[in-house]
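For reference, the structure is listed below as structure tokens.
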Amino acid sequence: MSVTREAVMALKQAIEGIGRDGARRFGGVERDRVSVGIPEIDQILGGGLMHGATHDVMALTPRDLSAASGFALGLVGLLSPREMPWVWIRQDAAGRELGEPYGPGLAGYGLNPAKLLLVKVPNAKEALRAAEESLRCQALSVVLLEPWGDPKQLDLTATRRLSLAAEESGVALITLRSGGHSPLGSSRTRWEISAAPSRSETEFEVGLPAFLGRLVVNRQAGAGGPGGEWIMEWSHDKCLFRQANSILGVSAPCNGSAPETPSLPHLRCAS
Amino acid sequence: MLRRVLSIWCANLAIDRWRLAAGEGADALPTALIAETAHGPRIEAVNAAARQAGAQAMMRLTDARAICPELVTAPADPAGDSAFLERLALWAQRWGPWSALDPPDGVIVDVTGVSHLFGGEAALLADVSAQIARRGLAAQAAIASTAGAAWALTHFGPQHAILQPEDSLAELPVAALRLDPAVLLVLRRLGLKRIGDIDGLSRPALTRRFRNRHAPAANPLIRLDQLMGRVPEPLLPVIGHEAPLVQRRLMEPIRHRELLDRVLADLADDMARLLEARGEGARRIELGLWRVDGEVVIRRVEMAQSSRDAGHIVWLIRGRLDDVDAGFGIEMARMRAPWCEPLLLTQRDLDSAAEERGTSLAACIDRLVNRLGEAGVRSPLPHASHIPERAQRWEKPLTPEVPSQGELAFYTRPIKLLNRPEPISVLYATPDGLPRRFRWRGALHEIARVDGPERIAPEWWRERSSTRLRDYYRIEDHLGRRYWIYRAGLIGDGRGGAPEWFLQGLYA
């Protein structure tokens with residue numbers, strides 16, 4: 001049994017090596033990894049998030065898409081230097097349903113909106129094509145791909161293709177998706193994100209954006225563990241994530257115990 | 001140096017052009033050029049024979065036919081006339097360094113300090129007459145120190161007039177001031193017939209009479225000052241522009257895609273060489289394909305940055321050729337670059353890694369734009385407005401950023417903004433107080449945290465007076481989702497009923 005495991009580990013190592021050699025052979029730039037900001041996660045990821053790889057960000061439920069896109073933008077902030085352009089590929093439907101990116105908000109989030117190239121595509125096929133085209137351009141730092149729904153075009157072959165393109169050019173690919181039966185493909189990491197209450201003293205202030213993130217797949221080279229679950233905060237001035245586990249117990253909504261129906265006489269409904 | 005301006009007036013431009021096209025024989029018959037109007041055909045110009053028979057410009061054709069039943073008509077071509085005039089203006093630069101159009105039928109050339117090349121101003125005018133007569137046009141020419149004076153002399157002065165600074169134009173009629181007919185009528189009713197009559201009046205009286213006429217053609221004082229050279233008269237010079245053009249005529253019409261790709265690659269190579277010789281790069285490329293049966297197919301591509309990379313040009317155009325119907329074959333292909341920008345010759349990086357391994361940013365943008373259209377690739381640019389939805393605009397990528405005041409750090413804005421604020425129903429403790437829960441897209445959200453309000457007043461210089469102010473709240477619901485909502489208006493602000501609530505943005 002243990003022999004088998006050892007064999008499997010050796011094979012894994014060998015496959016890793018092929019991938020890395022391949023990256024060199026194709027001329028991929030071996031850049032350093034970037035720190036996520038939380039030492040525990042960095043250690044599990046084997047030294048930080050990899051450039052030139054695919055990272056999946058999944059919203060746990062469709063309602064968590066805003067939080068998931070916030071987390072994905074955080075990854076963009078980690079992977080993208082301020083002066084490098086990055087691409088956000090969205091389907092038209094996503095813009096209609098969830099709103100368009102807002103420059104002043106992105107600036108407040110620690111990103112440089114002037115360097116954003118928003119690519120709007122009519123369907124998933126065009127999204128894949130645009131992603132592959134963008135991944136060939138080394139002047140970009142990150143390609144954020146946001147297909148709408150669960151398109152069947154984004155299958156194993158397509159994701160593998162995109163991952164190879166990302167490895168070849170050293171441009172990171174982040175796919176932002178809303179659940180579904182998406183195959184794993186060849187992503188290095190996959191995060192499941194749901195919204196988490198922010199940390200604040202009173203109910204009259206909203207703290208830093210917080211996410212409940214679960215690392216469900218971790219296939220980065222030198223990974224130090226299978227995964228985990230954290231409550232993370234995005235600190236926009238440092239452009240890093242921060243752990244906020246300590247507040248788990250006290251983060252219950254302040255008026256979460258409010259009655260279900262507006263029984264109080266002074267509550268009125270404005271429509 | 002004293003400025004000298006040459007004015008050329010082609011008195012019968014439309015008829016001359018028609019005669020040159022139709023031949024001398026046609027000119028013997030009384031002919032009128034007509035334009036269709038709402039009240040039937042109207043005569044735009046007549047030839048000498050028609051004028052003798054009694055027809056005049058601006059007459060209705062039916063009236064003219066009553067006088068002269070044998071009147072022959074031909075359609076007027078004002079667009080062709082103005083194009084011809086433009087070419088004439090360029091051609092007229094043989095007498096001076098720059099020229100301007102004087103629509104509808106004149107050209108103005110700056111001849112300051114060039115008359116000695118022709119042996120004096122009189123000789124210059126003689127040359128002008130000779131050259132224009134050789135082209136078969138009837139023209140009047142004059143030289144004066146201002147464009148206004150030269151124009152007056154060509155239209156109302158003697159042939160080949162040369163105005164010296166000390167000469168006076170007082171004897172010319174007021175029509176020589178280039179005024180609108182309505183103003184001319186006013187002046188005639190006032191008994192002012194000659195330029196000298198106006199010049200003799202006291203200035204304040206004229207100023208008062210025409211105080212609210214700001215267009216030069218409606219204000220005799222401005223025209224008079226322009227004529228005398230007391231105020232400058234800006235003229236728009238005509239500049240010759242030559243777009244790089246390469247073409248291939250094909251011995252055998254081609255019908256197959258591989259051959260067309262071959263021709264395209266050859267054209268792109270030629271174009272790249274041509275652009276390199278000029279030190280330019282193309283921003284827009286047009287490919288025209290002439291088919292045997294007379295159809296022309298035009299494909300146009302635009303680039304984010306000037307480029308003369310043949311491979312890139314081919315790549316961009318090839319994507320547009322899939323729907324070309326070759327019909328019986330394509331006999332000629334032509335590539336034009338109507339929009340070029342200077343692009344210096346630069347040595348490639350010794351380790352030109354980026355160029356060899358991947359595409360450049362501009363090329364990547366071009367390929368995406370080529371596929372998805374102009375609106376498919378956009379970059380947000382800040383715009384000077386404090387209304388959230390107006391504070392950013394989507395522009396072409398690589399647009400240089402305009403300097404603007406940065407957002408203040410304490411304004412926390414959402415990362416996504418809905419295209420249009422969506423109405424929500426909100427439960428609140430007191431009408432002016434904090435919201436407690438809201439319903440959006442059918443789901444109920446308990447509000448756990450509220451941050452606000454941040455009051456944003458309407459832009460009164462742009463919007464109607466009934467636009468209501470907005471009180472923005474950042475809120476977080478019981479599951480940790482953060483939204484940006486606002487209440488439009490206040491109770492009793494006199495701009496509508498009870499305030500309504502909207503959800504505008506989504507935070508991370």
Ordering B:Met251, A:Met84 from largest to smallest accessible area (1.4 angstrom probe), what's the sequence? B:Met251, A:Met84
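Among B:Thr37, B:Thr207, A:Thr189, what's the order by accessible area (1.4 angstrom probe), most exposed first?
Details: B:Thr37 45, B:Thr207 70, A:Thr189 0 Å².
These residues rank, largest area first, as B:Thr207, B:Thr37, A:Thr189.
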Charge-dipole axis of the protein assembly as shown as Lys and Arg at +1 and Asp and Glu at -1 on Cβ define it, positive-most pick from B:Ile239, B:Met59, B:Ser425: B:Ser425
Counting sequence-distant residues (5 or more places) and residues on other chains, those with an amide H built under 5 Å from that of B:Gly505 are B:Leu418, B:Trp484
Considering only protein heavy atoms and a probe of 1.4 Å, how much of the accessible area of region B:174-228 is carbon and sulfur, as a whole percent? 54 percent
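In Å², rounded to the nearest 100, what is the total accessible surface buried by chains B and A against each other with a 1.4 Å probe?
The B and A chains share an interface burying roughly 5700 Å².
Counting only heavy atoms of the protein chains, get the accessible area per residue of region B:185-239 (1.4 Å probe) and round it to a whole Å² value. Kindly include the intermediate steps, with their values, before the conclusion.
Details: 3600 Å² over 55 residues.
For region B:185-239, the per-residue accessible area is 65 Å².
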Check each residue of region A:197-245 and keep those whose accessible area, probe 1.4 Å, is at least 30 Å² smaller with all protein chains in place than in the chain alone; give them in order of residue number. A:Pro197, A:Ser198, A:Glu203, A:Phe204, A:Val206
Å² per residue, accessible surface of region A:23-202 at 1.4 Å: 34 Å²
Can you list residues from other chains, or at least 5 along the same chain, whose modelled amide H is less than 5 Å from the amide H of B:Trp339? B:Arg283, B:Arg284
Region B:32-113, dipole about Cα centre (Lys/Arg Cβ +1, Asp/Glu Cβ -1), debye to the nearest 20: 180 debye
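Assuming R0 = 25 Å, can you tell me the calculated FRET efficiency for the pair B:Gln305 and B:Leu236, based on Cβ-Cβ distance, to the nearest 0.05? It would help to have the intermediate numbers written out before the result.
On the way: r = 30 Å, r/R0 = 1.18.
That pair, B:Gln305 with B:Leu236, gives E of 0.25.
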With a point put 7 Å past each Cα toward its Cβ, work out how far B:Ala133 is from B:Gln56 in nm, to one decimal. 3.0 nm
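If you place +1 on the Cβ of every Lys and Arg, -1 on the Cβ of every Asp and Glu, and leave all else neutral, what size is the dipole of chain B about its Cα centre, to the nearest 20 Debye? It would help to have the intermediate numbers written out before the result.
Numbers: 67 positive and 64 negative charges, 362 e Å.
With Lys and Arg at +1 and Asp and Glu at -1, about 1740 debye.
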Please list, in chain and number order, the residues 5+ apart from B:Arg437 or on another chain whose amide H is under 5 Å from its amide H, with Hs placed from the backbone. B:Leu427, B:Ile447
With every protein chain left in place, what is the accessible area per residue of region B:62-126 in square angstrom, probe 1.4 Å? 48 Å²
Helical mean residue ellipticity (222 nm; -39500 (n - 2.57) per DSSP H run of 4+; nearest 500) of the protein assembly as shown: -8500 deg cm²/dmol
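Which order do you get for B:Arg249, B:Arg390 if you rank them by accessible area with a 1.4 Å probe, largest at the top?
The ordering from most to least exposed comes out as B:Arg249, B:Arg390.
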Determine ³J(HN,Hα), in whole Hz, for all residues of region A:136-142 in sequence, where each value follows from phi through the Karplus function 6.51 cos²θ - 1.76 cosθ + 1.60 and θ = phi - 60°; x replaces Gly and Pro. 7, 9, 6, 6, 8, 9, 9
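Using the crude model of +1 on Lys and Arg Cβ and -1 on Asp and Glu Cβ, and no other charge, please compute the dipole size for region B:174-228 relative to its Cα centre, in debye to 20.
Dipole magnitude for region B:174-228 comes out near 180 debye.
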Label point 7 Å beyond Cα of B:Asp266 along Cβ direction - residues of region B:325-342 with amide nitrogen under 14 Å: B:330-335
Determine ³J(HN,Hα), in whole Hz, for all residues of region A:52-62 in sequence, where each value follows from phi through the Karplus function 6.51 cos²θ - 1.76 cosθ + 1.60 and θ = phi - 60°; x replaces Gly and Pro. x, 9, 9, 10, 9, 10, 10, 7, 5, 10, x
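Using 1/(1 + (r/R0)^6) with R0 = 60 angstrom and r between the beta carbons of B:Ser466 and A:Asp155, what's the FRET efficiency to the nearest 0.05?
Numbers: r = 54 Å, r/R0 = 0.89.
Between B:Ser466 and A:Asp155 the formula returns 0.65.
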What distance in nm separates the two pseudo spin-label positions at B:Leu259 and A:Met9, each 7 Å out from Cα along the beta-carbon direction? 6.7 nm
Over the Cα atoms of chain B, what radius of gyration and what Dmax do you get, in Å? 33.7, 94
Residue farthest toward the positive end of the dipole of region A:157-229, with Cβ of Lys/Arg at +1 and Asp/Glu at -1: which of A:Leu212, A:Gly228, A:Ser186? A:Ser186
Whole-Hz ³J(HN,Hα) for each residue in region A:146-151, computed from phi via Karplus 6.51 cos²θ - 1.76 cosθ + 1.60 with θ = phi - 60°, x for glycine and proline: what do you get? 10, x, 9, x, 10, x
Global geometry of region B:5-162, whether rounded, prolate or oblate, following the gyration tensor of its Cα atoms and the 1.5 cut on a/c: prolate
For region A:116-132, list whatever residues lose no less than 30 Å² of accessible surface once every protein chain is in place, relative to that chain by itself, with the probe at 1.4 Å. A:Leu116, A:Leu117, A:Leu118, A:Val119, A:Lys120, A:Glu126, A:Arg129
Is the C-alpha gyration tensor of the protein assembly as shown telling us rounded, prolate or oblate? Criteria: a/c under 1.5 is rounded; beyond that, a/b larger than b/c is prolate, otherwise oblate. prolate
With every protein chain left in place, what is the accessible area of B:His116 in Å² (1.4 Å probe, nearest 10)? 130 Å²
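Report the calculated FRET efficiency for B:Ala205 and A:Glu205 (r = Cβ-Cβ distance, R0 = 56 Å), to the nearest 0.05. Display every interim value, and only then the final one.
On the way: r = 72 Å, r/R0 = 1.28.
The calculated FRET efficiency here is 0.20.
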Under 4.7 Å Cβ to Cβ, no partner at all: give me those cysteines from chain B, in residue order. B:Cys10, B:Cys68, B:Cys340
Sequence ranges B:485-497, B:103-115, ranked by mean other-Cβ count within 10 angstrom, highest first: B:103-115, B:485-497
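Carbon and sulfur together cover what percent of the accessible area of region B:416-506 at a 1.4 Å probe radius? Provide the component values of the computation, followed by the final result.
Details: 2070 of 3930 Å².
Solvent-exposed carbon and sulfur of region B:416-506 make up 53 percent of the total.
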Measure off 7 Å from each Cα along the Cα-to-Cβ vector at B:Arg393 and B:Ala243, then give the distance between these two points in nanometres to one decimal. 2.6 nm
If you roll a 1.4 Å probe over region A:23-202 with all protein chains in place, what percent of the accessible area is carbon or sulfur? 52 percent
In region B:466-498, what residues drop by 10 Å² or more of accessible area when the other protein chains are put back, versus the chain on its own? Use 1.4 Å, and skip ligands and nucleic acids. B:Arg474, B:Glu476, B:His478, B:Leu479, B:Gly480, B:Arg481, B:Arg482
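The values are calculated or read from the model by the stated rules, or taken from the named source; none is laboratory data. Since the structure is predicted, the reported quantities are computational estimates derived from the model, not experimental observations. So basically every Cβ, Gly included, is an ideal-geometry build from the backbone, and we count neighbours across all protein chains shown. Note: areas computed on protein heavy atoms with side chains; ligands, DNA, RNA excluded. Shrake-Rupley method; radii C 1.70, N 1.55, O 1.52, S 1.80 Å.
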